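None of the figures in this text is laboratory data; all of them are computed from the coordinates on show. A quick note: this is a predicted structure, and the numbers were derived from the prediction, not measured. Cβ: placed from backbone, ideal geometry, glycine included. Neighbour counts: every protein chain shown.
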Amino acid sequence: GTTPVTVTVTGASGQIAYGLLFRIAGGAMLGRDAPIRLRLLEIPAAVASLEGVAMELEDGAYPLLSSIDITDDPKVAFEGANIALLVGARPRTKGMERSDLLAANGAIFTDHGSAINAVSDDDVKVLVVGNPANTNALIAMNNAPDVPRSRFTALTRLDHNRAIAQLAKKTGAAAADIERVAIWGNHSNTQYPDLFHATVAGRPALEVVDDPDWLEHDFIPTVQERGTAIIKARGASSAASAANGAINHVRDWVRGTDGSNWVSMAVCSDGSYSVPEGLISSFPVTCTDGEYTIVPGLDIAEFSQQRISASVAELEHERAAVEELGFV
Ligand code: NDP
């Protein structure tokens, strides 16, 4: 048969991983023709719980799942990885300063970046989900000098999907009829969800909606604050929808985007749209043959430019902070 694809998942006994692993094993991410080896990483304290997750994976008797390895050693977890999903991160706990959070995550993503550099497959593709996702990806990328920078990405696909969902609700259209929404900047509440290029059944979204007040005072803050709204409602952060976004991100990166549509991914800036080179920032991208391309030549309205710049400024602050801590 076909050689299995090695998929490494960190934070593998956490909530998001619980929404991810069974769908990966079922073929939702890489297709029903791709056998998979799962390599699962956890901190030592969570390995026992991860053993339970591995038992449940076994009990799925998934035809595509050729092996499951669990470990607390990044050098073992990333061995031969073709796809690496970096979900585990240190959450902010009570009394923790922002600098403590950056320091804790800086250490984790330095470690994971250097393990990827040392032992992953040459074709490895990395998606960082754990927050602060963009800056964690920046740290991993800078600690993996032998891996092309284009292989380090962070998740804004959930934000992208949330934007589609809000626009669908407003217009009564099906999500499938909506194309070309975009998320710019940081995966934080400064992100800019952009409808200026979006279409609803082929018509410009902002013509269909024709309500500038909704755009500015409803749509944008609703997408930006959606994660907080879910925590309030559920008493726990979004997990299944984040997992779904991660699956969509990798699937489209590997298998390509559709026709005239694009998706949002946080990727290493090449200086496009005045985003400083080397920052991991979200852009609209298309994917073909396992490579993404930032959509070129879009007209950016002044309304959008201000908001993109604000989010990029936040990313620059985060970069300066982790530079000062010596992580990049
Ligand atoms: P989750 O699985 O719910 O979340 C994992 C990470 O994803 C968090 O950083 C979370 O950020 C982030 N995230 C990114 N986007 C979203 C989104 N849209 N919605 C929700 N979360 C999002 O966390 P758990 O605590 O359940 O699991 C984390 C696991 O990671 C634990 O099992 C822990 O043992 C492990 N871990 C591993 C470490 C390591 O590898 N060294 C270090 C620390 C933990 P946010 O916190 O902002 O919600």
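Out of every Cα pair in the chain, what percent are spaced more than 30 Å from each other?
Values: 16996 of 53628 pairs.
Across the chain, Cα pairs with separations above 30 Å total 32 percent.
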Under a plain spin-label model, where a point goes 7 Å from the Cα along Cα-to-Cβ, how far apart in nm are Asp289 and Arg149? 2.3
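Quick check: net charge around Leu325, other residues with Cβ under 13 Å of its Cβ, Lys/Arg +1 and Asp/Glu -1?
Values: positive: Arg98, Arg319; negative: Glu97, Asp100, Glu318, Glu323, Glu324.
Neighbour charge sum, excluding Leu325 itself: -3.
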Per q in 0.14, 0.19, 0.22 1/Å, what log10 I(q)/I(0) does a Debye calculation on the alpha-carbon atoms of segment 5-154 return? -0.63, -1.12, -1.43
Cleavage-rule hits (chymotrypsin sites (Phe, Trp or Tyr not before Pro)) in segment 143-206: DSSP loop, at most 12 neighbouring Cβ within 10 angstrom: none
Among the lysines, which fall within straight-line cross-link reach of Lys75, defined as a Cα-Cα distance under 30 Å, with same-chain neighbours fewer than 8 residues apart omitted? Lys125
For segment 159-261, run through the GluC sites (Glu not before Pro) and keep only the ones in DSSP coil with at most 16 other Cβ atoms within 10 Å of their Cβ. Glu225
Measure nothing fancy, just the Cα-based angle from helix 15-26's long axis to the longest principal axis of the chain, in degrees from 0 to 90, nearest 10. 80
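Counting Lys and Arg as +1 and Asp and Glu as -1, what is the net charge of the other residues whose Cβ lies under 13 Å from the Cβ of Ala107? Don't skip to the end; give the middle numbers.
Values: positive: Arg90; negative: Asp100, Asp111.
That sum, taken over residues with Cβ under 13 Å, equals -1.
What is the sum of charges around Gly27, taking Lys and Arg as +1, Asp and Glu as -1, for the other residues whose C-beta is under 11 Å from the C-beta of Gly27? Spell out each step's value before the answer.
Values: positive: Arg23, Arg32, Arg251; negative: Asp33.
So the environment of Gly27 carries a net charge of +2.
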For every helix of n ≥ 4 consecutive DSSP H residues, a contribution of -39,500 (n - 2.57) applies; sum these over the chain, divide by its total residues, and give [θ] at 222 nm rounded to the nearest 500 deg cm²/dmol. -12500 deg cm²/dmol
Under 5 Å between amide H atoms, partner at least 5 residues away or on a different chain: which partners does Thr6 have, H built in plane at 1.01 Å? Arg37, Asn82, Ile83
0 to 90° range, to nearest 10: angle between helix 47-59 axis and the chain longest Cα axis: 80
Helix 98-119 versus the longest principal axis of the chain: what angle, 0 to 90°, nearest 10, using Cα atoms? 60
Using a/c under 1.5 as the rounded threshold, could you call segment 157-318 rounded, prolate or oblate? The axes a ≥ b ≥ c are square roots of the C-alpha gyration tensor eigenvalues, and prolate needs a/b larger than b/c, oblate otherwise. rounded
May I ask which of Lys94/Lys232; Lys170/Lys232; Lys94/Lys169 have a Cα-Cα span longer than 27 Å here? Lys94/Lys169
Which trypsin sites (Lys or Arg not before Pro) does segment 1-53 hold that lie in a coil by DSSP with at most 15 other beta carbons within 10 Å? Arg32
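Quick check of the Kirkwood formula: for segment 75-210, what is the inverse mean of 1/r over all pairs of different Cα atoms, in Å? Don't jump to the answer; show the numbers that get you there.
Details: mean 1/r = 0.0600 Å⁻¹.
The answer is 16.7 Å.
Given contacts defined as C-alpha pairs under 8 Å and at least six residues apart, what's the relative contact order of segment 5-154, whole-number percent?
Details: 270 pairs, mean separation 35.6, N = 150.
Answer for segment 5-154 is 24 percent.
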Name the residue farthest towards the positive end of the dipole of the chain from the options Val126, His187, Leu41, assuming +1 on Cβ of Lys and Arg, -1 on Cβ of Asp and Glu, about the Cα centre. Leu41
